[in-house]
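Notes for the one structure printed next.
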Amino acid sequence: MAPRVLVSDKLSPTAVQIFKDRGVEVDYLPDLGKDKEKLLSVIDQYDGLAIRSATKVTEKLINNATNLKVVGRAGIGVDNVDIPAASRRGIIVMNTPFGNSITTAEHAIAMLFAVARQIPEANASTHEGKWEKNRFMGVEITGKTLGVIGCGNIGSVVAMRAIGLKMHVVAFDPFLSAERASELGVEKVELDELFKRADFITLHTPLTDKTRGVIDKDAIAKMKKGVRIINCARGGLVVEADLVEGLKSGKVAGAGIDVFETEPATENPLFNMPNVVCTPHLGASTSEAQENVAIQVAEQMSDYLTKGAVTNAINMPSISAEEAPRLKPFIKLAEVLGAFVGQVTDEAIEEVEILFDGSTTEMNRRALISAALAGLIRPQVADVNMVSAPIMAKERGIILSEVKRDKSGVFDGYIKLTVKTSEKTRTIAGTVFSDGKPRFIQIKGINLDAEVGQHMLYTTNYDVPGIIGLLGSICAKHQVNIANFQLGRNRQGGDAIALLYLDAPFPPEVLRELRATDVILSAKPLSFDVAA
Ligand SMILES: NC(=O)C1=CN([C@@H]2O[C@H](COP(=O)(O)OP(=O)(O)OC[C@H]3O[C@@H](n4cnc5c(N)ncnc54)[C@H](O)[C@@H]3O)[C@@H](O)[C@H]2O)C=CC1
Ligand SMILES: O=C(O)C(=O)COP(=O)(O)O
């Protein structure tokens, strides 16, 4: 059945065509995002949800979205999506991180000029036939200092444009490297220094708990008198009531505001204040940017739903459409390795080490780690997947480490999982053969070569004669056919294991019979999802 996507915000029609062309059914209902109740009632019908900023993807919506696999944000900011809730439910959240950045930077520059020269008010007055030539005295921007808070994709474009306009740019961004700052021609400063020196301040950070309210009363108090503030990022970055006070006192000479604490903003204390230029969240609204983000989000979502390719996901490592076919068997391998240990472990897991050997070091290790964790945790938390596994592992306090090693054995590459609990440390290694199927190649340090089947029985036993006969006869007695039988031991007379690949699940009631023998130390029926 073709996957089904709902577009609940206004997107370019090109997106709809791309979904259709790529074999995805699509419902284009651009006003549905604003109708919370209706959206809640239909969301369970969809595998994908394509949005902009109007649709709020809340925990409640996610809980109703029983079939949802991907949320695609045609734009940058994902603060309207409850990402932890989506991750916990295994839903990928992706955005289009570059498609509208130039457009938004241009809007910030437009705001800069509009505020510097009071263009909107001058325009309104002129249209009214007032010719108030003496009322509108502006300021030059040439030679002035622009403070950029958040110098990522959009902030950098704004900085470069401002430098082209002969401004001096100071930037505050904890993640801006000295090299990048010098490449851009900006001066990297601390926030207080920026407040002290900037004639204009423009905001370009995401809205997070750290950035919320970055422009408040205290910040404004540190600024130059006559500062002008531009916000084309997110409403919550500026405390609106404090900005109003700053404007009233004359400390702030003007503001250009595209985004608001509450949107849609139909009333706001900033409205109708002198030299406050407001636009209704238009930063990304150019035909070019809307075409870019619509195409990108439709391509990304279709590729995920039809091919398993992951691009620009916020909560999952990327997997390109090209690497997906080669990576897929190794993802399965990582998952079955995790599943093996997960099924034999009853205690709380404390530490997980994943060793990548040989060719696997060159692969998408983040994706492989997520798959291993999903397999490991699934026996405890049924509906975990590659998206939710890392967050669940973290919530459980599991310490994760990764080791890379050059090819060290006969295999081109393999993955080894070491899982430590309060009671013991378990290890298992596996590889993928040329048939594309995963194989267990080492368990408890004991070498073997075991195909992975849907139903298996794993025993630890004494290395004594008769194990094959014993297991074979018990299986035969209970009508369980053995497809494959693997034995392994660390040394003659030492620790030994047996791994049986069965045509049907091992009957749990027979386990007691098996464990009662004096040569079987432990017996555990295992099951693996071996479907491609
Ligand atoms: N008005 C509109 O229509 C649009 C608004 N936006 C907003 O613009 C924001 C920025 O977009 P991009 O530049 O593409 O994102 P980005 O991720 O490329 O850049 C954000 C920068 O902020 C920095 N940052 C993070 N925390 C910080 C902090 N506490 N203090 C200072 N800097 C901090 C990061 O290091 C990063 O360099 C988006 O998150 C979105 O909310 C984006 C597109 C359109
Ligand atoms: O991309 C972003 O972060 C934006 O804020 C653009 O929002 P919009 O898609 O125009 O509702």
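The values are calculated or read from the model by the stated rules, or taken from the named source; none is laboratory data. What you are looking at is a predicted structure, and each value in this text was computed from that prediction instead of being measured. Using ideal geometry, Cβ is built from the backbone for each residue, glycine included, and neighbour counts are taken over all protein chains shown. Side chains included, ligands, DNA and RNA excluded: accessible areas come from the protein's heavy atoms. Shrake-Rupley method; radii C 1.70, N 1.55, O 1.52, S 1.80 Å.
At a glance:
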| quantity | calculated |
| --- | --- |
| Segment 343-373, residues that are crowded, with 22+ Cβ neighbours inside 10 Å and without any contact (Cβ under 8 Å) to a residue 40 or more places away in the chain | Ile369, Leu373 |
| Phe260 within 28 Å of the chain's Cα centre (by Cα) and among the aromatic types (Phe, Trp, Tyr) | yes |
| Residues satisfying the stated conditions in segment 249-299, i.e. of a type outside the set (Gly, Ala, Ser) and in contact with a Gly (Cβ under 6 Å, 6 or more places away or on another chain) | Val252, Asp258, Val259, Phe260, Glu261, Asn275, Val277, Asn292, Val293, Gln296, Val297 |
| Out of His107, His127, sole residue that is within 16 Å of ligand 2 (Cβ to nearest atom) and farther than 23 Å from Gln300 by Cβ | His107 |
| Criterion (aliphatic (A, V, I, L, M) and closer than 22 Å to Asp529 by Cβ) met by exactly one of Leu417, Leu400 | Leu417 |
| Residue match in segment 41-48 (condition: in contact with a helix residue (DSSP H, G or I) (Cβ under 7 Å, 6 or more places away or on another chain), of a type in the set (Val, Ile, Thr) and more than 16 Å from ligand 2 (Cβ to nearest atom)) | yes |
| Where Lys224 falls short, out of the listed (1) open to solvent by 10 Å² or more (accessible area, probe 1.4 Å); (2) within 16 Å of ligand 1 (Cβ to nearest atom) | (2) |
| In segment 259-301, the residues that are among the aliphatic types (A, V, I, L, M) and part of a helix (DSSP H, G or I) | Ala289, Val293, Ala294, Ile295, Val297, Ala298, Met301 |
| Index of the failed condition, Arg161 passing every other in (1) more than 16 Å from ligand 2 (Cβ to nearest atom); (2) open to solvent by less than 50 Å² (accessible area, probe 1.4 Å); (3) within 36 Å of the chain's Cα centre (by Cα); (4) closer than 23 Å to Ser285 by Cβ | (2) |
| Those strands (runs of 3 or more DSSP E) lying entirely in segment 398-476 with at least 1 residues β-branched (Val, Ile, Thr) and open to solvent by 10 Å² or more (accessible area, probe 1.4 Å) | 399-405, 413-421, 425-432, 438-443, 455-462 |
| Hey, Val70 in contact with a Phe, Trp or Tyr (Cβ under 6 Å, 6 or more places away or on another chain), crowded, with 23+ Cβ neighbours inside 10 Å and β-branched (Val, Ile, Thr) or not | yes |
| Cβ-Cβ under 7 Å pairs, at least 6 apart or on other chains, segment 494-505 side farther than 15 Å from His455 by Cβ, far side open to solvent by 10 Å² or more (accessible area, probe 1.4 Å) and part of a loop (DSSP other than H, G, I, E, B) | Gly494/Asp463; Asp495/Lys444; Ala496/Asp463; Ile497/Lys444 |
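So that you can scan it fast, the table gives a plain yes or no per residue for (1) touching a residue at least 12 places away in the same chain (Cβ under 8 Å); (2) open to solvent by less than 10 Å² (accessible area, probe 1.4 Å):
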site	(1), (2)
Leu6	yes, yes
Val24	yes, yes
Asp35	no, no
Ile51	yes, yes
Thr58	yes, no
